[in-house]
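For reference, the structure is listed below as structure tokens.
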Amino acid sequence: MSTPTDRNRLTEEASPYLQAHADNPVNWQPWDDRAFEIAKEHDVPVFVSIGYSACHWCHVMEEESFSDPSVARLLNESFVPIKIDREERPDVDSVFMTICQLVTGGGGWPLSAWCTPEGDPFYIGTYFPTESTHGRPGFTQLCERIADSWNDPDQRAEMKTRADQWRKAARDRVESVPEQPGESPGSEILEEAATAAIRGYDEKHGGFGSDGPKFPLPGRIEMLCRAYAVSGRDEILEAATGTLDAMAAGGMYDHVGGGFHRYATDRSWTIPHFEKMLYDNAELPRVYLRAFQQTGDPTYARVARETFAFVEQELMNDRGGFYGTLDARSVPPQSRRAAGGPADALEPEEGAFYTWTPDEVDTVLEDPDASIVRDRYGISRGGNFEGGTTVPTISTSMDDLADEYGLDRTSIGERLMDARAALYEAREERPRPARDEKIIAGWNGRMISAFAAGAQVLDPSLAERAESAIEFLRETLWDADENRLDRRIIDGDREGPGYLGDYAYLARGAFDTYQITGEIAHLEFAIDLADRIVSAFYDEEAGTMYTTPAETETDADGSRLSVRPRDLTDRSLPSNVGIAAGLLADLEGFVGSDSERPYRTIAERVVETHADRIRASPLEHVSLALVADRLERGGTEIVVVGPDLPSDWWETLSETSLPGAVVAPRPTDDERLDEWCDRLGLSEVPPVWAGRDAIDGEPTVYACRGFACSPPETDLDDAIEWLQANA
């Protein structure tokens, strides 16, 4: 029987996820015009499979179904099969996931959808086993049934009607806005969000919800920290720190190599999904740093520092860009191979790189260090994971270890530090998890912001990591002539266009880096990106922003999307609409009354458009709720005049929690200030710098909160005291 497609075209794709399916007997096509033209020409449905490199069940479905010649024959004969890397195409993923959640009440990856030749789903789900089991339909049976139904005119008509209904429902969910903007939530929104979060807080195990799986939810923790800074309610801080403590002690944190796994599968944070994502390791250090500033607990600083070290070691390329993910699976170490043999003869297993047995610890360490490590991290004969292995967790306190082994806490700490280093070196000899080396603009932007925060709180030299990443992205993904950012680069292969999240997250990262370094180039880049956000993603009539640019209704390859997606809710990453609106609000003081840059007006309009959503569910819309609070309160600014901050000023900034504050360095002399304004395209000095001169040539600080400012101070501590007195 002839097939609509003649070959697997994924060999031409750069994505590691797509490349991993290039050897499948399925004739996979990328999402492009050609694939849909083939479907229309042969009058067959399209099967769309969406996943990503570090997705466990994506690997399972690939091994069970897509590697099976009989399944491939069925797909090739009856469908045009399309494979999508969701990290490259968040727009397509968002539309299909919206439909899946509307229809099934759930979602996840792999996402499996059977569509009309126009690309509209009429049957959708996630993972399907090859054969029916435990009430879940089998993939083979589904494909056969759908192919038969498509060939029946009456049933095909029903499928097309269903696809049309689903498309309209998705458009209503994603694109609709109220006829009239609402009243922006006031400053009470933080308190309301915090109260809602506390209701769902798990007092026994930390985190939110009474069962697993548990996700880190860094945006919710940041919101709690900000709410605590305003109200001083202890229960708010306890919910934040209790969650941070549980994550840092559990198996979601890598106690040997640093950094965080994706999420915990259980209520007690013991067993993770082992993939490591760049965005998790960008978002989480920032809230640990916030907690360190608010509590002074050095554990939080250590976790952030170790996470930065992990990113530098495992996810940073030699030019400063950051890779996307580490896989959850790897070939088991030699110690677990029953008959030995070469590594490539064994199947990868989830968590094999990160788990331990007592014998593996004893091979690396001598007693008493081996016993101390086993007790500290709960590494026992029975284990807590598959095959008698153990995911390390903090199982015994330092004080109990000191009592047990007759040593003081300092000695225990030193032994554990040396032991962790030895375990790390031994683990480096194991077969490594695969790394997806896509460098994604938006994810890098979040990591840049994290390193900027680390530079403020931990070590000013961390700003070099942020700056090198910005330079790399400007060289590889930014077209200054076209004012255009592309989405990703891998091995020199560049793909675009960038989405709202790419522009917003990178602009935020550049702005955060300016605040730490005082380098005008970073502020200039942030404003260039912000200008593009307004021109390409903001819809003035609707009063909102969309994920895809406005200049085209088609995607990068010309294939039409039926819905223009929008991202209002906070998930693994914060809402790109929320980050964009917050950025515009913060930049307003740097562009002044420029009528072509009504940044604050746009931020206010976006919040007003979605005011009812924010009020109804502030925990789902944390980023937008924080913007609403910032607009209501007027924000906090610290204008620093002078070329270099005194060392004691760095120390003060590192120790002081000022959630949401903008640090605005400016040069001392007017000639240099005029040069800065010229670079920003400003005809006059913007409000944030205007009239704020140095006193007697000394470094000077001006502190503003809401709509009032302190007198000029040459002592940062005095300015901070003014801010705290006017909270």
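The values are calculated or read from the model by the stated rules, or taken from the named source; none is laboratory data. In this text the structure is predicted, and so the values were computed from the model without any measurement. Backbone-built Cβ (ideal geometry, glycine too); neighbour counts: all protein chains shown. What goes into the accessible areas is simple: the full protein's heavy atoms, side chains included, and nothing from ligands, DNA or RNA. Shrake-Rupley method; radii C 1.70, N 1.55, O 1.52, S 1.80 Å.
Only one of these conditions is not met by D6: (1) part of a helix (DSSP H, G or I); (2) farther than 23 Å from D327 by Cβ; (3) of a type in the set (D, E). Which number is it?
All conditions pass for D6, except number (1).
Taking the condition farther than 15 Å from A450 by Cβ, of a type in the set (D, E), touching a residue at least 24 places away in the same chain (Cβ under 8 Å) and surrounded by fewer than 18 Cβ atoms within 10 Å (Cβ to Cβ), does D297 pass?
yes
In this structure, is L485 more than 15 Å from L587 (Cα to Cα), among the hydrophobic types (A, V, I, L, M, F, W, C) and open to solvent by 20 Å² or more (accessible area, probe 1.4 Å)?
Judged against the criteria, L485 is not a match.
Would you confirm, using the coordinates I've provided, whether V26 is part of a loop (DSSP other than H, G, I, E, B), touching a residue at least 12 places away in the same chain (Cβ under 8 Å), open to solvent by less than 30 Å² (accessible area, probe 1.4 Å) and more than 30 Å from A550 (Cα to Cα)?
Judged against the criteria, V26 is a match.
Which ones in the range 356-382 are among the acidic types (D, E) and crowded, with 17+ Cβ neighbours inside 10 Å?
Within the range 356-382, E360, D369, D375 qualify.
Inside the range 1-21, can you point out the residues that are aliphatic (A, V, I, L, M) and either farther than 23 Å from R435 by Cα or open to solvent by less than 10 Å² (accessible area, probe 1.4 Å) (or both)?
The answer is M1, L10, L18.
Given the condition open to solvent by 10 Å² or more (accessible area, probe 1.4 Å) and of a type in the set (S, T, N, Q), answer yes or no: does some residue in the range 281-293 qualify?
Yes, because at least one residue in the range 281-293 is open to solvent by 10 Å² or more (accessible area, probe 1.4 Å) and of a type in the set (S, T, N, Q).
Quick check, is G498 farther than 30 Å from E655 by Cβ and open to solvent by 50 Å² or more (accessible area, probe 1.4 Å)?
So G498 fails the test.
Within the range 61-75, work out how many residues are under 24 Å from A14 (Cβ atoms), open to solvent by 10 Å² or more (accessible area, probe 1.4 Å) and not small (G, A, S).
2
In the range 179-199, how many residues are open to solvent by 30 Å² or more (accessible area, probe 1.4 Å) and under 25 Å from A249 (Cα atoms)?
Of the residues in the range 179-199, 2 are open to solvent by 30 Å² or more (accessible area, probe 1.4 Å) and under 25 Å from A249 (Cα atoms).
Just to be sure I understand, how many residues within the range 170-199 are under 22 Å from L626 (Cα atoms), touching a residue at least 40 places away in the same chain (Cβ under 8 Å) and not hydrophobic (A, V, I, L, M, F, W, C)?
Matching residues across the range 170-199 total 10.
Among the residues of the range 649-669, is any closer than 30 Å to G232 by Cβ and either free of Cβ contacts under 8 Å to residues at least 24 places away in the same chain or charged (D, E, K, R) (or both)?
Yes, the range 649-669 contains at least one residue that is closer than 30 Å to G232 by Cβ and either free of Cβ contacts under 8 Å to residues at least 24 places away in the same chain or charged (D, E, K, R) (or both).
When you go through S468, S461 one by one, which is the residue that is open to solvent by 40 Å² or more (accessible area, probe 1.4 Å), closer than 23 Å to G257 by Cβ, part of a helix (DSSP H, G or I) and of a type in the set (S, T, N, Q)?
S461
For the range 384-418, which residues satisfy the criterion of being part of a loop (DSSP other than H, G, I, E, B) and more than 18 Å from V364 (Cα to Cα)?
Result: N384, F385, T393, I394, S395, T396, S397, G406, L407, D408.
S53: touching a residue at least 40 places away in the same chain (Cβ under 8 Å) and under 26 Å from Q155 (Cβ atoms), yes or no?
Criteria not met by S53.
Going by the structure shown, is G138 closer than 30 Å to Y546 by Cβ, surrounded by fewer than 23 Cβ atoms within 10 Å (Cβ to Cβ) and without any contact (Cβ under 8 Å) to a residue 24 or more places away in the chain?
Considered against the rule, which asks whether it is closer than 30 Å to Y546 by Cβ, surrounded by fewer than 23 Cβ atoms within 10 Å (Cβ to Cβ) and without any contact (Cβ under 8 Å) to a residue 24 or more places away in the chain, G138 comes out as no.
Looking at the structure I just gave you, is G119 assigned to a loop (DSSP other than H, G, I, E, B), touching a residue at least 12 places away in the same chain (Cβ under 8 Å) and open to solvent by 20 Å² or more (accessible area, probe 1.4 Å)?
Here the answer is no, as G119 does not meet what is asked.
Looking only at the range 633-651, filter to residues that are outside any loop (DSSP other than H, G, I, E, B) and either in contact with an Asp or Glu (Cβ under 6 Å, 6 or more places away or on another chain) or within 18 Å of C225 (Cβ to Cβ) (or both); which one of those is most open to solvent (accessible area, probe 1.4 Å)?
R633
Mind checking which residues of the range 29-44 are within 20 Å of A113 (Cβ to Cβ), part of a helix (DSSP H, G or I), out of contact with any Gly (no Cβ under 8 Å at 6 or more places or on another chain) and open to solvent by 10 Å² or more (accessible area, probe 1.4 Å)?
Of everything in the range 29-44, those that are within 20 Å of A113 (Cβ to Cβ), part of a helix (DSSP H, G or I), out of contact with any Gly (no Cβ under 8 Å at 6 or more places or on another chain) and open to solvent by 10 Å² or more (accessible area, probe 1.4 Å) turn out to be R34, E37, I38, K40, H42.
With the requirement that a residue be of a type outside the set (A, V, I, L, M) and surrounded by 22 or more Cβ atoms within 10 Å (Cβ to Cβ), what does the range 434-455 give you?
Within the range 434-455, D436, K438, G442, W443, N444, G445, R446, S449, F451, G454 qualify.
Can you pull out every residue in the range 479-504 that is over 27 Å from L624 (Cα atoms) and assigned to a strand (DSSP E or B)?
Passing the criteria: D479, I489, I490, D493, R494, E495.
Of everything in the range 682-712 that's open to solvent by less than 40 Å² (accessible area, probe 1.4 Å) and assigned to a strand (DSSP E or B), which residue is nearest to E596 (Cα to Cα)?
C704
State which residue pairs qualify: first residue without any contact (Cβ under 8 Å) to a residue 24 or more places away in the chain and inside the range 153-169, second residue assigned to a helix (DSSP H, G or I) in any location, beta carbons under 6 Å apart, and separation of 6 or more residues or different chains.
Listed by first residue and then by second, the contacts come to Q155/S149; R156/W150.
If I ask for residues that are open to solvent by less than 20 Å² (accessible area, probe 1.4 Å) and either in contact with an Asp or Glu (Cβ under 8 Å, 6 or more places away or on another chain) or aromatic (F, W, Y) (or both), which ones from the range 223-240 would you list?
A227, the sole residue that qualifies.
Is it fair to say Y505 is within 30 Å of P117 (Cβ to Cβ), among the aromatic types (F, W, Y) and in contact with a helix residue (DSSP H, G or I) (Cβ under 8 Å, 6 or more places away or on another chain)?
So Y505 fails the test.
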